[in-house]
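The values are calculated or read from the model by the stated rules, or taken from the named source; none is laboratory data. In this text the structure is predicted, and so the values were computed from the model without any measurement. All Cβ positions, even for glycine, are placed from backbone atoms using ideal geometry, and neighbour counts span all protein chains on display. The accessibility values were calculated without ligands, DNA or RNA, using every heavy atom of the protein model including side chains. Shrake-Rupley method; radii C 1.70, N 1.55, O 1.52, S 1.80 Å.
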Amino acid sequence: MRKTYYNIIGAVCLAAGMVSCGDYLEIKSTSEIVLEDFWNEKADVDNVVSGCYSALLADGVRKRMMIWGEVRSDNIMSGENINNDVNLYNILKENITAMNGYTTWDGFYDVINRCNTVLKYAPGVAAIDPGYTDGDLKATVAEVSALRDLCYFYLIRTFRDVPYSTEAFTDDNQVMDLPATPFETVLDNLIKDLESIKDDAVNRYPEDKPLYQTGRITKNAIYAMLCEMYLWKKDYDNCIRYAELVIQNLTEIEEENRQKNGKRQSGSATVLMDARLNGYPLVADNLTGNRFGEAYRSIFVTGASKETIFELSYNDSPSSSDQYPNNSAITSLYGSSNTTKGLLSPSTAVTEDISTTSGRVIFDDKNKKIDARLYQNCDADKEEIKKFAAQSVEIDATNASNTTAPKVEYSLFSSSNNGSKWIIYRLPDIMLLEAEALCQKMQEGSDSAIIANNRPLLNQAFKLVNAINKRSICKEQSKITDADTLKLGDYTTKNLMDELVQRERQRELMFEGKRWYDLVRYCMRAGNTEAVITASQRRDDVNKQFALNFFKKMDAIFWPYNNEEMKVNRNLVPNPAFGSGESTSYEKTK
């Protein structure tokens with residue numbers, strides 16, 4: 001946990017538009033500025049909260065969300081010019097040491113400390129500024145607490161045990177070399193914190209600020225976080241409860257919008273949409289024609305879609321005064337129109353699965369050629385990642401069938417104008433987390449009592465998965481047949497349904513920074529590393545025998561603490577699965 005307080009002051013000055021920030025800092029010490037001159041009114045609090053989001057949007061933080069959540073998984077392999085980033089190359093080879101630059105976590109602790117600083121000083125502002133009400137203060141506390149908890153959630157899923165503090169570090173004399181707190185303790189603290197503030201969070205922002213509704217923390221964002229955290233805790237009832245709250249809230253908003261737009265449930269478009277989506281408020285694509293791609297653009301490019309819960313907003317034409325920068329992490333890692341491929345490409349496990357028409361591991365054999373995600377996630381022939389890198393993906397399915405691919409055209413953002421939104425939570429993610437929890441509540445066996453117990457759980461899990469799967473079919477609703485869709489009768493046991501849920505998560509959330517964390521969760525729940533070993537054996541760019549041996553250790557599914565962090569914090573105990581950084585080869589450290 002490196003000292004990041006001076007960065008907070010700089011961000012505050014920028015957010016407040018202080019042209020003479022340098023002169024201002026020369027007049028008094030940093031602590032005097034904060035205590036006497038800055039925390040006086042609501043606008044001061046708002047500026048620092050804005051700085052919390054700015055820090056979360058930073059390129060280094062975003063890259064780690066992508067790299068930590070995807071690169072070690074079976075979704076990814078090396079792309080173009082990977083040798084230009086030796087740290088990334090070594091991660092892809094599972095040759096990770098404590099010297100690897102992507103094991104640094106200071107960007108996340110920067111956000112955490114900004115949030116803790118707001119929590120420390122905002123109550124004082126409420127005491128002196130009548131314009132900053134008690135309700136405003138509670139909403140602020142809920143917002144920044146949730147942002148802090150989100151950062152800690154990323155950290156524990158990546159490193160397992162991490163230094164945990166809710167104290168603001170505003171003084172050089174404060175002790176910062178905290179020992180790592182165990183994963184389970186941090187997770188319990190995060191859940192307790194979110195439970196305590198969830199009711200104070202903003203439910204909806206004004207309609208004239210649609211980016212706020214999805215680009216800032218809301219009750220739904222907190223419910224989504226609790227849904228996932230309870231799943232990691234193996235508290236499946238609470239996971240389901242919060243998933244249903246998210247679904248209920250988004251459904252109510254959808255119905256209100258229908259009424260405002262003069263649409264009734266009996267309208268033909270609404271009937272078609274409900275049939276396609278099982279009544280869930282997902283973004284629908286073309287329901288009556290043969291051209292598809294609007295759902296992709298709405299969710300990943302335009303942003304603030306009706307199924308988005310929390311996303312990081314970027315701008316395709318940023319200016320110096322714009323709070324939303326260009327999404328440079330995507331252009332670097334996933335590609336652009338300037339370079340086509342990024343440093344990363346879809347793995348052969350993905351591209352070969354797309355190319356074949358039977359025996360698939362990720363995609364379903366039923367949707368051989370008409371699953372939109374086959375074309376929106378990546379280009380299998382060119383080995384390019386499209387999701388987030390493409391500003392449009394147009395699918396002409398006029399002559400498409402289960403054996404004939406549609407015509408696909410796509411356009412990538414340029415390297416300086418990627419405005420795609422990085423999604424932290426959207427509805428399909430939450431629906432599939434609920435489906436996973438439902439599977440875990442099922443029992444093994446085939447006697448009548450077990451079947452009776454499992455039946456409603458199977459039905460509900462299938463309904464959730466099937467809605468997401470049907471949304472992706474490149475056919476107008478009236479032409480979809482039984483041969484195009486999943487069948488409940490094919491998934492009659494806990495294992496079969498659980499496998500379906502896992503596959504649907506991989507194909508729906510591919511390249512969204514979810515896959516590695518899913519694999520880690522499966523391993524932690526099972527008490528073994530089979531899920532990660534299986535995934536590693538599907539990667540052609542990794543020494544399979546080495547990966548087989550390496551991932552037998554549970555420690556190996558997490559990441560090492562960076563060497564520089566361990567130098568300044570002697571209380572950190574190195575992850576025993578990884579090298580110290582003195583060698584670039586695991587073989588030499590055994």
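Of the options (1) 26.1; (2) 28.2; (3) 25.0, only one is Kirkwood radius over Cα pairs in Å as computed from these coordinates, and that is (3).
Given +1 at the Cβ of Lys and Arg, -1 at the Cβ of Asp and Glu and no other charges, the dipole of the chain around its Cα centre is 1640 debye to the nearest 20. Taking amide hydrogens as placed 1.01 Å from N in the peptide plane, the amide H of E384 sits under 5 Å from those of D379, each at least 5 positions away in sequence or on another chain.
In order along the stretch 376-384, the Karplus-derived 3J(HN,Hα) couplings, from 6.51 cos²θ - 1.76 cosθ + 1.60 at θ = phi - 60°, round to 8, 6, 6, 9, 5, 6, 8, 6, 10 Hz, and Gly and Pro are given as x.
Classify the stretch 47-90: rounded, prolate or oblate, from the alpha-carbon gyration tensor (a ≥ b ≥ c, eigenvalue square roots; a/c under 1.5 rounded; otherwise prolate if a/b is larger than b/c)? Cα axes put the stretch 47-90 in the prolate bin.
In this structure the amide hydrogen of I424, modeled in the peptide plane, comes within under 5 Å of the amide hydrogens of F310, E311, L312, none closer than 5 places in sequence on its chain.
Rolling a 1.4 Å probe across all protein chains gives E80 an accessible area of roughly 80 Å². Here the 3J(HN,Hα) profile of the stretch 69-75, calculated from phi with Karplus coefficients 6.51, -1.76 and 1.60 at θ = phi - 60°, is x, 10, 5, 7, 8, 7, 8 Hz, Gly and Pro shown as x.
Given a cut-off of 23 Å, name the pairs among K306/K463; K120/K567; K306/K421 whose C-alpha atoms lie farther apart than that in the structure shown. Long pairs (Cα-Cα over 23 Å): K120/K567. With an a/c value of 1.5 or above and a/b not larger than b/c for the gyration tensor axes a ≥ b ≥ c computed over the alpha-carbon atoms, the stretch 399-442 is described as oblate. FRET efficiency for D199 and N338, Cβ-Cβ distance as r, R0 = 56 Å, nearest 0.05? Efficiency, from the Cβ-Cβ distance: 0.75. Hydrophobic long helices, here whole DSSP H runs in the chain with Kyte-Doolittle means of at least -0.5 and Cα atoms spread over 20 Å or more along the helix axis, are found at 42-57, 106-128, 134-159, 183-197, 219-233, 427-441, 448-471.
Please identify the trypsin sites (Lys or Arg not before Pro) of the stretch 156-206 that satisfy two criteria: DSSP loop assignment and at most 14 other Cβ atoms within 10 Å. Which are they? Those satisfying the criteria are R204. Work from the charge dipole of the stretch 40-188 (Cβ charges, +1 for Lys and Arg, -1 for Asp and Glu, about the Cα centre) and give the residue of A98, M77, V45 farthest towards its positive end. It is M77. Placing pseudo-labels 7 Å out from each Cα toward the beta carbon at A275 and N495 gives an inter-label distance of 3.7 nm. Each peptide in 100-110, 428-438 was scored by the mean count of other Cβ atoms within 10 Å over its residues; highest first, the order is 428-438, 100-110.
For the stretch 217-315, a/c is not less than 1.5, where a ≥ b ≥ c are the root eigenvalues of the C-alpha gyration tensor, and a/b tops b/c. That puts it in the prolate class.
Rounded to the nearest 0.05, the FRET efficiency derived from the C-beta distance between Q460 and D172 at R0 = 41 Å is 0.15.
Multiplying the sequence separation of Q443 and R525 by 0.36 nm and subtracting their Cα-Cα distance, what value in nm do you get?
Once the chain is fully extended between Q443 and R525, it gains 28.0 nm.
Here the label points at S411 and N571, each 7 Å from Cα along the C-beta direction, are separated by 5.4 nm in the simple model. Projecting label points 7 angstrom from Cα along Cα→Cβ for E294 and T485 puts them 2.1 nm apart. Remark: the E207-S478 segment gains 94.2 nm on full extension, using 0.36 nm per residue and subtracting the alpha carbon distance.
For the chain, the mean residue ellipticity at 222 nm estimated from helices alone is -14500 deg cm²/dmol, where every DSSP H run of n ≥ 4 contributes -39500 (n - 2.57) and the total is divided by all residues, rounded to the nearest 500. Note on the chain: dipole from Cβ charges, positive end direction compared against Y230, L277, Y242; the farthest Cα belongs to L277. The amide H of Q391, built 1.01 Å from its N in the peptide plane, has S411, L412, F413 as neighbours under 5 Å, considering only residues 5 or more places off or on other chains.
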